[in-house]
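The values are calculated or read from the model by the stated rules, or taken from the named source; none is laboratory data. Keep in mind that what you see is a predicted model, and the values were worked out from it rather than measured. Here the Cβ positions follow ideal geometry from the backbone for every residue, glycine too, while neighbour counts run over all protein chains shown. Heavy atoms of the whole protein, side chains included, go into the accessibility calculation; ligands, DNA and RNA do not. Shrake-Rupley method; radii C 1.70, N 1.55, O 1.52, S 1.80 Å.
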Amino acid sequence: QVQVVESGGGLVQPGGSLRLSCAASGSIFDLDPMGWYRQAPGKQRELVASITSGGVTNYADSMKGRFLIYRDNAQNTVYLQMNSLKPDDTAVYYCKAQLGGITYWGKGTLVTVSA
């Protein structure tokens, strides 16, 4: 059983930055891929970014150039560095991990971008 726990959300002003963390129980080396998704009120959950065990990354178009996903296998953690945040980035951000065809989700962390 894999558990993933997100942290780092909060309130930030437009143009600001936040770093989200996703800590996984056990080694994340075999969790492939890991990713961040978000769900804004009244909207469907959408991909933000993902990263494979080999470090290959994938970003949603609207996040390219602003967000950076990276993983620290030694710390069993995946990070999402978010820069130049906009009010439209307000959402609950979820961490997703896959292992052996099974998908695991965290409970999410709320990011609010507002002046």
Please find, among Arg71, Arg19, Arg45, the residue that is in contact (Cβ under 8 Å) with a residue 60 or more places away in the chain, open to solvent by 30 Å² or more (accessible area, probe 1.4 Å), among the basic types (Lys, Arg) and touching a strand residue (DSSP E or B) at 6+ places or on another chain (Cβ under 7 Å). Arg19
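Quick check on the range 81-96: of everything there that is assigned to a strand (DSSP E or B) and not charged (D, E, K, R), which residue is surrounded by the fewest Cβ atoms within 10 Å (Cβ to Cβ)?
If we take residues in the range 81-96 being assigned to a strand (DSSP E or B) and not charged (D, E, K, R), then Gln81 is surrounded by the fewest Cβ atoms within 10 Å (Cβ to Cβ).
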Taking the range 59-86 as the region of interest, how many residues are of a type outside the set (A, V, I, L, M, F, W, C) and either under 16 Å from Glu46 (Cα atoms) or modelled with pLDDT under 95 (or both)? 11
Search the range 1-16 for residues being among the aliphatic types (A, V, I, L, M) and out of contact with any Phe, Trp or Tyr (no Cβ under 7 Å at 6 or more places or on another chain), and hand back the single one that is most open to solvent (accessible area, probe 1.4 Å). Leu11
Being β-branched (Val, Ile, Thr) and either touching a helix residue (DSSP H, G or I) at 6+ places or on another chain (Cβ under 9 Å) or open to solvent by 20 Å² or more (accessible area, probe 1.4 Å) (or both) is the requirement here; does Val78 meet it? no
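Please tell me if Ser53 is surrounded by 12 or more Cβ atoms within 10 Å (Cβ to Cβ), of a type in the set (Gly, Ala, Ser) and farther than 25 Å from Pro14 by Cβ.
Yes: the conditions hold for Ser53.
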